[in-house]
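Q: Please read through the structure below; I'll follow up with questions.
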Amino acid sequence: MPAIKIFVIIGIYTLTCISFGGLILRLLQGKGPREVSLSPWAMLLTAFLLGQGILANLWVLVALAGWFSPAVVVIVMAVCFLAGIPFVLGYLRPLLRQTENIARDLILDSWEWKIVAFLIGYLTLGGITCLGAGLQGDAVNFYMSLPKVIAASHRLSLLPGKSIYYPLGLQGEMHYAALMSLGLADAVRLFTWITALAGALLLCALGSHVGVGRRGQWLILGMVFTSTAVLWVTQGKTDLFSMSLGIATYYWAIQKGKLQLRLCGLFAGLTLIAKTSYLLTLLPGLLILEIWQHRNMLDIKASRSAIMMGMQALAKSLFIIGFWMIIALIPHLIKNGVLLGNPLSFIYNSNPKGWHVEMTGYYSPRLYLTYLVEVTFGDYRYYDQLGNISPWVLAFLPLTVLLPRPKTWHESQLLVLTLSAAIGTLLYVIIFPGYIMPRYILATLFLIGLPAIRAIEHAFKIDRPPHLLTIGGMVSIVIILISTALNTTASGTAAGYRLPSFYPQRTWKYLTKGLDACELGGAHCQVFTVLNQQAKAGSRVLMDTDVTYWLRPDLQQCASDKPLTAYITQDSTGKVQMLWNAIFEEGFSYLIIDKNRLAGSLENLQPPSWVQTTRIAHEEYMEIYRLDYIDPPTAAQWACEQVRPPAWDIFRLHLPQ
């Protein structure tokens, strides 16, 4: 039964991350007494996110060394798991006690809040049914393709034609690779949902820290999972890793003590690895929060010596955060240095201004005043935005006028936290107005939602007959929850781009009987299956598609580094011609054509007499041809072999004359 295998492997891997994170927490804290006394759930979630973040870095180094075999993965996991067991056991009883208190509060609450909690629970746990969703977009281009090759080749190396992705961090991909080494396939996506759930629960803990009550914490959880930017990226994309790590950064930025500074720096570094876009939102926010932590130096009545001491303490705190942030970044810098020759390549962006053609005219003049509306209701750049944030943020923000005013603004953690997020978001919008993609800065946007949740919770408390605030608020909450549940749940087996995220029926079949080989893959999977069956090991494939997940790992490693268009030219009359000599010299045995990109069929390109083309697979817009050469006019110069098994490498056979 596939379900047993999937949940056992995912469960053990999750516990390994928690244990490893607990070990790191203990090492960071030293031999002294505990500096912090936070809720058991907050510490457990911190341990999980810290453990999986550092473990991903460790996997990068292991894979770069070419040691990423299943045996090594199991040994590393065993050491990490056993070393942190005391931490898990130490928090087990307090964790059960806190969970019991949460359940008791819900049981004693009113029936309408039980309904709200049930609907939020459905959206929260519905992530399990992402297993029935088809893989799409960048997931099948890189985020799932690379882990598949790493698991098969036991190393991390540049895949042909994929170098554009490598400056990015591999926080999610390395976990996928480890789980694939343990025998899972596309079910590794379940770990993304677990990570997102951990981030959402830690956001609830952050809300509790700034004054949000139990009901408000349920709404925080609902705010996360009524955001389609969260639900739509559970189909293999890795944006939710950066979201959860970013939330952990903010959570520890408002705590106190040396452990807080170390954790804040580590989480900040891990967040930047997972998503470089947080450079503009996270770092300015951390600076504001650290200045707030040393706010006594801003007191105009303070003596000069007190101000100097405060500035020195601030500089020391920033140094500690920066030091641990760099520690977290080191494996990423090593990876980029080894593979790309430039450790800082992740900072580069091909469109540094962030402007797109679609942004001119109608969008740009009003963007700065309507950004929250855009990320809530907009559908900018259909294939890229991939979802919005919860409508609750806009709906409930006006109610913040009802919140009690603090004696001084800098005494309100909620206000300072929101201010840090708002300034970071503003900087991002000013510099990258063309990227209206909430998934790039989800952690920061959710902080802006905290005062909205605090406001609606307070409105319920102070409401008086005829209870218009309560009725209006509850109606809004229930409508959004029900509509989100209905729109994200597929009743059948619909498949397509950006369709529902929850597939209960197909997931049940996946977990109990398993799905057909290409039930989640569509045309690409069907034609690639034929190629996988016919192609010899190490065959070179010239591809006119970015989708590679369903290709055999050896074929991915031996694929073309240049697009098909690099082998097409036009003669003086404008007639399109294929550079068949170059194709043969580079050793290509198969040709994949995406007819959405290349108009017509291969026969229209009139191959020469010494090239025989045989179409071996055809499905919708995809075609695959086998290339046979008879008395070619030149010699092959490139081939692909297992120079360092089980990995495959492209190498030169003959130097050009």
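The values are calculated or read from the model by the stated rules, or taken from the named source; none is laboratory data. All values derive from a computational prediction rather than experimental measurement. Methodologically, a virtual Cβ is constructed for each residue, glycine included, from the backbone with ideal geometry; neighbour enumeration extends over all protein chains shown. Please note that ligands, DNA and RNA were not included when accessible areas were found on the heavy atoms of the full protein model with its side chains. Shrake-Rupley method; radii C 1.70, N 1.55, O 1.52, S 1.80 Å.
Q: If I take R0 = 22 Å and measure r between the Cβ atoms of I431 and D379 in this structure, what FRET efficiency does the formula 1/(1 + (r/R0)^6) give, to the nearest 0.05? It would help to have the intermediate numbers written out before the result.
A: Numbers: r = 23 Å, r/R0 = 1.03.
Given R0 = 22 Å and the Cβ-Cβ separation, E is 0.45.
Q: OK, next. Accessible area of W409, 1.4 Å probe, to the nearest 10 Å²?
A: Result for W409: roughly 140 Å² accessible.
Q: In the full protein assembly as shown, how much of T565 is accessible to a 1.4 Å probe, in Å² to the nearest 10?
A: 90
Q: Continuing with the same structure: If N is the number of residues in the chain, what value comes out of its Cα radius of gyration divided by 2.2 N^0.38 Å?
A: Values: Rg = 26.7 Å, N = 657, 2.2 N^0.38 = 25.9 Å.
Dividing the Cα Rg of the chain by 2.2 N^0.38 Å gives 1.03.
Q: Provide R104, R597, R93, R439 ordered by accessible surface of protein heavy atoms (probe 1.4 Å), highest first.
A: On the way: R104 105, R597 130, R93 180, R439 15 Å².
Output order, biggest surface exposure first: R93, R597, R104, R439.
Q: Relative contact order for the chain: what percent, with Cα pairs under 8 Å and sequence separation of 6 or more? Walk me through the intermediate numbers first.
A: On the way: 1048 pairs, mean separation 104.2, N = 657.
Relative contact order, the chain: 16 percent.
Q: Around A3, with a cut-off of 13 angstrom between Cβ atoms, what is the net charge of the other residues, counting Lys and Arg +1 and Asp and Glu -1? Write out the running numbers ahead of the final one.
A: Working: positive: K5, K509, K513; negative: none.
Its environment carries a net charge of +3.
Q: Nothing charged except the Cβ atoms of Lys and Arg (+1) and of Asp and Glu (-1): what's the magnitude of the dipole of region 385-529 about its Cα centre? Round to the nearest 20 debye. Let's see the in-between values first.
A: On the way: 10 positive and 5 negative charges, 31 e Å.
Magnitude of the dipole: close to 140 debye.
Q: Another one. Using heavy-atom solvent-accessible surface (probe 1.4 Å) with all chains present, what is the largest-first order of I436, I334? Walk me through the numbers on the way to the answer.
A: On the way: I436 0, I334 75 Å².
Highest to lowest solvent-accessible surface, that is I334, I436.
Q: Any idea what % of Cα-Cα pairs in region 61-166 are farther than 20 Å? Let's see the in-between values first.
A: Numbers: 3782 of 5565 pairs.
Within region 61-166, distances greater than 20 Å cover 68 percent of Cα pairs.
Q: Then there's this: Need one number: the % of Cα-Cα pairs in region 428-556 sitting beyond the 22 Å mark. Working shown, then result.
A: On the way: 5487 of 8256 pairs.
Cα-Cα pairs of region 428-556 separated by over 22 Å account for 66 percent.
Q: Please calculate how many Å² of accessible area region 212-258 carries per residue, with a 1.4 Å probe and no DNA, RNA or ligand atoms counted. Don't skip to the end; give the middle numbers.
A: Numbers: 780 Å² over 47 residues.
I get 17 Å² per residue for this part.
Q: So, one more: Using a 1.4 Å probe on the protein chains only, how many percent of the accessible area of the chain belongs to carbon and sulfur?
A: On the way: 17900 of 27950 Å².
Summing carbon and sulfur atoms, their accessible area is 64 percent of the total for the chain.
Q: Please work out how much length the chain gains when fully extended from I423 to D628, using 0.36 nm per residue of separation minus the C-alpha to C-alpha distance, in nm with one decimal. Walk me through the numbers on the way to the answer.
A: Numbers: separation 205, 0.36 × 205 = 73.80 nm, distance 6.08 nm.
Length gained, I423 through D628: 67.7 nm.
Q: Heavy atoms only, 1.4 Å probe, whole protein assembly: order K461, K335, K562 by accessible area, highest first. Intermediate values should be presented prior to the final figure.
A: Details: K461 135, K335 0, K562 95 Å².
Order by accessible area, largest first: K461, K562, K335.
Q: Between K258 and S609, with labels modelled 7 Å along Cα→Cβ, what's the label distance in nm to one decimal, could you check?
A: Between K258 and S609, the label points sit 8.3 nm apart.
Q: Let me ask another. Near L402, within a Cβ-to-Cβ distance under 15 Å, what is the net charge of the other residues, with Lys and Arg +1 and Asp and Glu -1? Let's see the in-between values first.
A: Values: positive: R405, R454, K461, R464; negative: E457, D463.
With Lys, Arg at +1 and Asp, Glu at -1, the net is +2.
Q: Another one. Which Cys in the chain stand alone, with every other cysteine's Cβ at 4.7 Å or more from theirs?
A: C17, C80, C130, C204, C264
Q: Turning to a different aspect of this structure: Roughly how many Å² is the accessible area per residue of region 6-104, as a whole number, for a 1.4 Å probe?
A: Values: 4570 Å² over 99 residues.
I get 46 Å² per residue for region 6-104.
Q: Right, next: If you count only protein heavy atoms and use a 1.4 Å probe, how large is the accessible surface of F81, to the nearest 10 Å²?
A: Surface open to solvent at F81 totals about 60 Å².
Q: Give the shape of region 168-315 as rounded, prolate or oblate, defined through the alpha-carbon gyration tensor: a ≥ b ≥ c are the square roots of its eigenvalues, a/c under 1.5 means rounded, and otherwise the shape is prolate if a/b is larger than b/c and oblate if not.
A: Working: a/c = 3.03, a/b = 1.89, b/c = 1.60.
Prolate is the answer for region 168-315, as a/c is 1.5 or above and a/b outweighs b/c.
Q: Any chance you could run the full-extension gain for I115 through R405? It's 0.36 nm times the residue separation minus the Cα-Cα distance, nm to one decimal. Show your work: numbers first, answer last.
A: Working: separation 290, 0.36 × 290 = 104.40 nm, distance 3.18 nm.
Between I115 and R405, full extension yields 101.2 nm more.
Q: Kindly report the accessible area of region 383-524 per residue (heavy atoms of protein chains, probe 1.4 Å, no ligands, DNA or RNA), in Å².
A: Details: 6200 Å² over 142 residues.
Heavy-atom accessible area per residue stands at 44 Å².
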